Structure formats: structure tokens, C-alpha cells
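Below is one structure; the comments refer to it alone.
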Number of protein chains: 2
Amino acid sequence: MAKPVEPSAFLDACAMRQTATVPVWFMRQAGRSLPEYRSARGDASILEAVRDPALVTELTLQPVTRYSVDAAILFSDIMVPLAAMDSGVQIVAGRGPVIEQRVSGESDLGRLRDLEPEEDIPYVIDAIRLIRNELAPSGIPLIGFAGAPFTLASYLIEGGPSRDHARTKAFMFSEPSIWERLIDKLADIALAFLRAQILAGAQAVQLFDSWAGALSTEQYERYVFKASSKVLRGVAELGVPRIHFGVGTGELLEPMANAGADVIGVDWHVSLADVRKRVGRPIALQGNLDPSWCLAPGKQMEAEVLRILREGSATPGYIFNLGHGVLPETDPSTLARIVELVHAWNPR
Amino acid sequence: MAKPVEPSAFLDACAMRQTATVPVWFMRQAGRSLPEYRSARGDASILEAVRDPALVTELTLQPVTRYSVDAAILFSDIMVPLAAMDSGVQIVAGRGPVIEQRVSGESDLGRLRDLEPEEDIPYVIDAIRLIRNELAPSGIPLIGFAGAPFTLASYLIEGGPSRDHARTKAFMFSEPSIWERLIDKLADIALAFLRAQILAGAQAVQLFDSWAGALSTEQYERYVFKASSKVLRGVAELGVPRIHFGVGTGELLEPMANAGADVIGVDWHVSLADVRKRVGRPIALQGNLDPSWCLAPGKQMEAEVLRILREGSATPGYIFNLGHGVLPETDPSTLARIVELVHAWNPR
């Protein structure tokens, strides 16, 4: 189990301990909004970039240096483990993951196998070691992540991003037992991916269920909960905080918390006060500034940041973040201003 | 005010009167899922088709004939009034509305003017008269519709469909007074569009706020509520039921009801029992079968239909529908089977 030598406001907040300042980081803080990112990444595809530990280290550290955020998040992609076992998995710029051979039935299950981190994704392990080394003096923790089984299944079944996830749902409705085998296999892969990251040095993990918001509470509980729970509970013994996040998941907060989360990532649809009521037990929260506010710098944006800070820090265990990834058109000076506001806020 | 001579289960349910059977219709029932639609529409674009009253009549009546649904919905598009005043508004097959000249500031407001139904959209008025004439013997009512101001604003500002509506939100956050003028003007247009449809013979109307689900409750109340309310309250005196519908709007049900709705259209994220609790006053409900269920015919789909019927008909004022439009790949025999199940259900 990795323990930071330096105190970390981020790790303290994950554990619901009172902190002197509210910790802050941004989903997709390492990304296209940063000029130094665009220049370092050049023309490499995301999957190429991810396979270069020195580049991953540079991209992961850029926002830490620029913004003084309280956590680094590994530059990676939720499709990395699937791409490692299937060369037909690509990430197309401006579109997202694209799968050459869609999963459409039982016979496709054989294409999924166990992830062998040392052989399949050695570059991820190497990158994490390099990053931890660089971060050691500051004590800034590193967050690892994985895509949740439902979201991975949706990419495999739809063949790419989808608005309605109709094919995925039709699959789970029509073939519940094949669906269960598929999503269980994806849970194993996500779990192995997170374990490998933690063992290499990640001090917290986030499970991204980007598309779970397409589901009703009942659908989530019947078809998805068990698999996500397997992932989160599977890393419990490693003792790092587990963040569970989705967009449009206001109806799913309780089961998403109960799946084994220490921290619930909240988008902007629901207020943090309402989230606390819905979850029904004390839990650390992360979020919930609408990323669109970052395109509207100035007094109104600042008022919104302060409103969220007030609500978030009403109880210990709050991490400031956006409700979704940084939009590429965001001006880095806006994020810098947000960090300044968050760090100036007295949470007690 | 248009009053049907024949009794209508649909209109009775809108008024929360007990009905002998549960009424049913499907959003996008006139559309690509029907072979007779594909053959009648041929290569015409949607906007061309909409301008042909005989074709509109045929397309509107096709699902009524095939499925014996309890209401017809005008074959049209929410962009029709905007396309009538701006030739740069197009609907691109497989993509959706595309706006040549995006609205990006105050100077663009001048491009929006009042809708003059007799001059701008005479073909809509003609089509409604033709359809009412055809429907008269059966007493099946005709539903008209319009896009809600926020959804129209999003298309104008984004220039087309958007996943995050970030540009639209940045506009409303940064320029609240210009935003208010824009959305108020769009409210006037939507109101004039609905009034014209009702005066021509539409016996109910639905306001589609397709994208409102991108908003938090607070954003909806601050930036959108007033305009949608202007539309719905503006047609109150005409005495036809007003349905208010959006997707992913579980957090907005109360303000959407309070905007002047007689019926709340519910997607599949929230159960009908929960919707009743959230709205906090008796209101008619319409929905809420996930359209993806229609790709999974058989026993499981039927069980889901029955579950929703049980929940929906617990109180008078329930209209069966999908939680969103019919998916193009839906087999018409599945919808026929659903109508059969709904009509066989005893709601008392």
C-alpha cells in the first residue's frame, strides 16, 4: 500500500478528514486546453502517446506545474487495456474510441481475455513509476483511472461513441446472461488495470462510468451495479481512495456510492447538498462546477465557484473539481484563477 | 377552441379524467421505422417534405392507420419556423439541424423576427386542416408541437447538435441580458407557431425541450423557465392540453410542470411513481418506456410494458408513450404489440 510521506489535502479529503484548504484538481487537466500539451504531444495519436512513458510523465506533470493543483491524474485513456489486446481499437481525434469489430454476440466474448499488465501495458507501469519519482518532493499524489464496465461495454457494442446506447441496451435486455458474462469480463479487465496502477504507485483511483447516465436506476441496479462493484471492491484491500464518477447520474448516486466508492464524483446537474441527501450516508464528494462556466470568465464564474465552495465545504471531505472534463477551448488562466479562489477559501 | 365530437381517451387522460383504456401514441411514430414512410418520403429532405401538405397528411396518418394509436402527431420539425425565416437553416440527414450563420452576439438578434404564420408557414396550416378532415370520422385527435426556446437557442448558437451545449451556456452565463432577449424572441416564435397550429385545428400541443437535460435545476430556473413559461401560458386561453417534454430532465420536473404544463412527458430515467412525488401536485403523465426496449422484443419487453402500465395507471391521467422518439431500427410489429398490450390493460 502506497503511503505519501508528505501530508496531502487531496488524500485527507478523500478520507473525510478536515483539511486546512479545499483540495482541487480538474478532470482532463492534462489536455488540449494547455498550449504546452499541444506542443509536447504534436501529431502522435492518444494511443501512441500513452505508450511513451517519458511523454506521459511530461503531460501528467504539466498541469501540476502550471496550476498548483492538489493531485496529478495519469495521462491515459479508458480504452488503453482494450487497445492492448485488440489492435482494432483506435481513438480517432475529434470522435473518440472506434472499434473495428463490434461485439454483437456470444462468439465475440472469446476476443476478450484477462489483462496481463506486465506484458500488455508495461508502459503504463513505467510511466507511473517515473511520475511518482518526479512528484515525490512535493508530495502531490497521483490518481490512476479506468473505464467502468458499462462504459467499456457500450464502446465495444456500439463500435464508437453513441448518443442513445440503444444497441448496448438492446443487448443487455435481450441477452441478459451473455451480457453478464461480457460485463463481468470487462470488470476483471478494469480491476486488473486499476490494481496494476496502484501497485506501480497510484495513490488514488477514479472509475469513470461516462455513459451510465443513459440508464435508469433500475437498469443500473439490474445490469451494471454488480460489475462496477466488483471493480471497486476488488481494489479495497490496496487501501487507496476510490472515486466513482459519471455524468447525468443524479438518479444513480446511491447505488454508485454503494458499489464501493470512498468519493462520489458529481457533475453539475445536482447540487452537492442534494447529493448528500440522496446518498444517505456520509461520503466524500468531488465536483461540481459546470465546465461551461470556464468559458465565461469574470465575476459570474467566480460567484459560481464560491457558491460551490460554500456548499461543498459544509462538511469535511470535499474536493473541488469540474462536473466533467476541461473543455478544450478553456483558457488556462481561468483554471489558474479557480485554483487561486479554491485555495484562498477557508473551509472551517 | 377545437372540441372533438367523439370522445378521446387521449384528451380525457390529458385532463386527468378516468378512461376505459390507457391511451397510447409514440413520439416519432411517423418516421423512418415505417416502410410506408420511407417509401412515401423518398429523397425529399425533411424541410421539403414539411412544405407539402398532402405528403404531411399521408405521413401523419400512416402510424394511426397501422397501429391504432390514440393520437396523431403532426409530421413536422422543431426547426420549421426558424427555417421559414432563415434559408441558412437546414436539416442534414443523419446529423440534424445545421445553421449556416451561428448566433454569436447581440448583432445577430436582428435576424430573428416575429413569425407570421399565414405568410411564413401556410403549408403547416394547410396540412393541419387536411389532417383534421381525414381524422374527423374517427375522432382521433391531432397533436401539434414546437421546440422550446432553450433547445432552439442551442441550435442557433452551436450551429448544430451539440453534446455539451458549452457555447450556449457560455453565452447565457456571459451575456445574460442578450441571452434573455434571444430566448424571449424564440419564445415568441414558438408561441406563434403553437397558436397557429391550434387555430388551424391541433387539439393538443407538445413543447419539446430536447436539450434542457443539459441544465442544472438552478440554470433552468434562472435562464430558461421564464421563456418556456411564456410559450405554455401563452396558449392557455386556447384551451387545449399542453404537454411539456425533455430528456434527462429528472431534476427539472417540478419547474417544467410549473411552467404551465397539463401533462409532463417523462423519459425513462425516473419512474412514474417518483415523478409524481417530485412534481408535488396531481398532473397527467406521459411516458416512460425506454425506446431501446423496442429493439428487444419478446417476454422481457412485455414485462417492462406491463410494469409501466401498472405504475402509470395508478392514478387517472396517464398516457403510454416511449421516453423518447422511436428508434429508426425499431420493428413496426413491436410497436403494434405494445399498442395491443396497452389497450388490453384495464386501468381501473
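The values are calculated or read from the model by the stated rules, or taken from the named source; none is laboratory data. Note that the structure is a prediction, hence the values are computed from the model and not measured. All Cβ positions, glycine included, derive from the backbone under ideal geometry; neighbour counts span all protein chains shown. Surface areas here come from the heavy atoms of the whole protein model, side chains and all, with no ligands, DNA or RNA. Shrake-Rupley method; radii C 1.70, N 1.55, O 1.52, S 1.80 Å.
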Point to revise | B:Leu55 - accessible surface, heavy atoms, 1.4 Å probe, Å² rounded to 10 | key: 20
Review point. What does the charge dipole of segment A:134-286 about its Cα centre add up to, to the nearest 20 debye, if the Cβ of each Lys and Arg holds +1 and the Cβ of each Asp and Glu holds -1?
Key: 160
Exercise for review: State the Cα centre-to-centre distance between segment A:49-99 and segment A:182-196 in whole Å.
Suggested key: 18
Practice item. Only Cα pairs under 8 Å and at least 6 apart count here; give the relative contact order of segment B:76-212 as a rounded whole percent. Key: 35
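What average count of beta carbons from other chains do you get within 10 Å of the Cβ of residues in B:324-334?
What the average comes to for B:324-334 is 1.
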Practice item. For A:Val98, place a label point 7 Å out from Cα along the Cα→Cβ vector, do the same in each other copy, and report the separations in nm, one decimal, smallest first. Key: 1.8
Study note, to complete from the structure: Between the Cα axis of helix A:332-344 and the main Cα principal axis of chain A, the angle (0 to 90°, nearest 10) is 60
Review point. So how tilted is helix B:176-200 from the main axis of chain B? Cα-based, degrees 0 to 90, rounded to 10.
Key: 50
Point to revise | For A:Ser177, inter-copy label distances in nm, listed shortest first [label point 7 Å out on the Cα-Cβ vector] | key: 6.8
Revision key, fill the gap. Listed by chain and number, the residues whose amide H is under 5 Å from that of A:Val89, excluding neighbours fewer than 5 places away on the same chain and using placed H, are A:Glu100
Check your understanding: Any idea of B:Lys226's accessible area? Nearest 10 Å², probe 1.4 Å.
Key -> 140
Practice item. Work out the length of the dipole vector of segment A:9-344 about its Cα centre, built from +1 on the beta-carbon of each Lys and Arg and -1 on the beta-carbon of each Asp and Glu, and round it to the nearest 20 debye. Key: 640
**Study point:** Hz values of 3J(HN,Hα) by residue in segment B:134-151 - Karplus curve (6.51, -1.76, 1.60), Gly and Pro given as x
**Key:** 5, 7, 3, x, 7, x, 5, x, 10, 9, x, 7, 8, x, 6, x, 5, 5
Point to revise | Pairwise centroid distance, computed over Cα atoms, of segment A:210-285 with segment B:269-348, Å | key: 27
Point to revise | Apportionment of accessible area to carbon and sulfur, chain A, percent (1.4 Å) | key: 50
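Tally the DSSP beta bridges in chain B and give the antiparallel ones as a percent, rounded to 5. It would help to have the intermediate numbers written out before the result.
Working: 4 of 27 bridges.
Of the beta bridges lying entirely in chain B, close to 15 percent run antiparallel.
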Practice item. Could you tell me the total accessible area buried at the A-B interface, probe 1.4 Å, in square angstrom to the nearest hundred? Key: 2600
Practice item. Could you run the Karplus curve 6.51 cos²θ - 1.76 cosθ + 1.60 with θ = phi - 60° over segment B:206-220 and give me ³J(HN,Hα) per residue in whole Hz, x for Gly and Pro? Key: 10, 9, 8, 10, 3, 9, 4, x, 6, 9, 6, 3, 5, 4, 4
Revision key, fill the gap. With the full set of protein chains present, the residues of segment B:277-299 whose 1.4 Å probe accessible area falls by 10 Å² or more relative to the chain alone are B:Arg278, B:Asp290, B:Ser292, B:Trp293, B:Leu295, B:Ala296
Exercise for review: Please give the average number of partner chain Cβ atoms lying within 10 Å of the Cβ of each residue in B:247-257, rounded to a whole number.
Suggested key: 2
Practice item. Please give the solvent-accessible surface of B:Asp262 in Å², to the nearest 10, using a probe radius of 1.4 Å with every protein chain present. Key: 50
**Study point:** Computed magnitude of the charge dipole of segment B:78-171 (debye, nearest 20; Cβ of K, R +1, Cβ of D, E -1)
**Key:** 440
**Study point:** Minimum 40 Å² accessible area buried by the other protein chains, segment B:131-176 residues, probe 1.4 Å, relative to alone
**Key:** B:Arg163, B:Ala166, B:Phe173
**Study point:** Accessible surface, chain A, averaged per residue in Å² (probe 1.4 Å)
**Key:** 37
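Quick one: ranking B:Lys230, B:Lys299 by accessible area, 1.4 Å probe, largest first, what do you get?
Of B:Lys230, B:Lys299, the descending order of accessible area is B:Lys299, B:Lys230.
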Practice item. Starting from a label point 7 Å past Cα on the Cβ side, list the distances from A:Ala15 to the same position in the other copies, nm, shortest first. Key: 6.6
Check your understanding: In degrees from 0 to 90, rounded to the nearest 10, what is the angle of the helix A:53-67 Cα long axis to the longest principal axis of chain A?
Key -> 30
